[in-house]
Amino acid sequence: MAARADEPVRIIFDTDITGDVDDVLALAMLHTLADRGECELLAVTISKINPLTAPFVDAVNTFYGRPDIPIGVPQEAQRRESKYLKVVNARDNGQFRYPHDLLSNEDAYDAVDLLRKTLAAQPDHSVVLVQVGIAPNLARLLETKGDEWSDLDGPALIRRKVKLLSIMAGAFEPIRGNDHYLEANVINGIPAMQKLAADWPDDVPVIWSGFEIGIAARYPRASIHHDFEYVPHHIVKDAYLLHSGPNHDRPTWDLTSVLYAVRPERGYFDLSGPGRVTVEDDGFVRFTPEENGRDRYLVMSDEQAVRVREALVMLVSQPPRGDDAK
């Protein structure tokens, strides 16, 4: 069974939602796109360890009216503090300000088990994986053998079920004059990203959004100030202010991978020619042109950046459908 072309894009969102707040904006975007019928958010897997990650993601999903989206956490990954995850514990009159019923990471799925379970249940060549963070979950997925969900090993399951990997990692243009820029999603887990780049199946395309894309389309602070006032408390606004404060336009790194994943044909970005991405031992991401290569990276003109920024603001700030916002 294969997915029809007119169906919503089936998304698994793999995120390191701990340090930066762009993950939160990207998750909000996915809910808006789902409200619009453009995507279906199948699962969220988390790639860093912090005891509040799964409860926070569940609170965001609940805020947007999807409290039952399965959430997976890693068993082994980088541990990371967070400025904003604590908002999940905020209470008003003894009740959670942002309701959620997943109270502990211990009650979440194992991330790789959830990836296999979710992929196995989907039509062939139908899933778009969006990875915005370090790569331990997908690296481990590549190492898996057949199990209760599928007889296929990790690479074969990916070939059968995944049609695209949209990933935020690396830099494909010089950053502030540095043509050997070491991007955080890579250097915080070099072996896993090396395995992903080396072992991801050649016949499943990978689109990379480099560091340069997010910094060229920053999320405007004016939107944070004005566009979330339709409820007394908004989990996205609260997280943004705890992380970045009121006077910062945060780069939209993770959001760009989501935008391309769901709307690849809308002209927000151009693509490089085909090639091959490799990850060097210091974490540098090298792109080598190659005919019929698996990898491409996003390219964005100044004119496109204006369109991208406007689209991101609309998709992040749109109220949840109906009366789902609490």
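The values are calculated or read from the model by the stated rules, or taken from the named source; none is laboratory data. Since the model is a prediction, treat every value here as computed from it, not as a measurement. Every residue, glycine as well, gets a Cβ built from its backbone with ideal geometry; the counts of neighbours run over all protein chains shown. Please note that ligands, DNA and RNA were not included when accessible areas were found on the heavy atoms of the full protein model with its side chains. Shrake-Rupley method; radii C 1.70, N 1.55, O 1.52, S 1.80 Å.
Data table
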quantity	calculated
Pair list, Cβ under 6 Å, 6 or more apart: region 289-304 residue closer than 10 Å to Arg276 by Cα, other residue of a type in the set (D, E, K, R)	Glu290/Arg276; Gly293/Arg276; Arg294/Asp202; Asp295/Arg276
Check on Asp35, modelled with pLDDT of 95 or more, open to solvent by 10 Å² or more (accessible area, probe 1.4 Å) and farther than 16 Å from Pro74 by Cβ	yes
Top-ranked residue of region 75-101 - restricted to ones that are basic (Lys, Arg) and part of a loop (DSSP other than H, G, I, E, B), ranked as nearest to the chain's Cα centre (by Cα)	Arg80
Single residue of region 118-149 satisfying the filter (among the charged types (D, E, K, R) and under 21 Å from Ile49 (Cα atoms)) that is surrounded by the most Cβ atoms within 10 Å (Cβ to Cβ)	Arg140
Flag for Lys83 being touching a residue at least 60 places away in the same chain (Cβ under 8 Å), closer than 30 Å to Pro191 by Cβ and out of contact with any Pro (no Cβ under 7 Å at 6 or more places or on another chain)	yes
Condition met for Ile69 (in a loop (DSSP other than H, G, I, E, B), within 30 Å of Val285 (Cα to Cα) and within 17 Å of the chain's Cα centre (by Cα))	no
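Per-residue answers, yes or no, for (1) at pLDDT 95 or above; (2) out of contact with any Ser or Thr (no Cβ under 9 Å at 6 or more places or on another chain); (3) among the hydroxyl-bearing types (Ser, Thr, Tyr):
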site: Gln194; (1), (2), (3): yes, no, no
site: Ala198; (1), (2), (3): yes, no, no
site: Pro201; (1), (2), (3): yes, yes, no
site: Ile207; (1), (2), (3): yes, no, no
site: Glu212; (1), (2), (3): yes, yes, no
site: Ile215; (1), (2), (3): yes, no, no
site: Ser223; (1), (2), (3): yes, no, yes
site: Phe228; (1), (2), (3): yes, no, no
site: Val231; (1), (2), (3): yes, yes, no
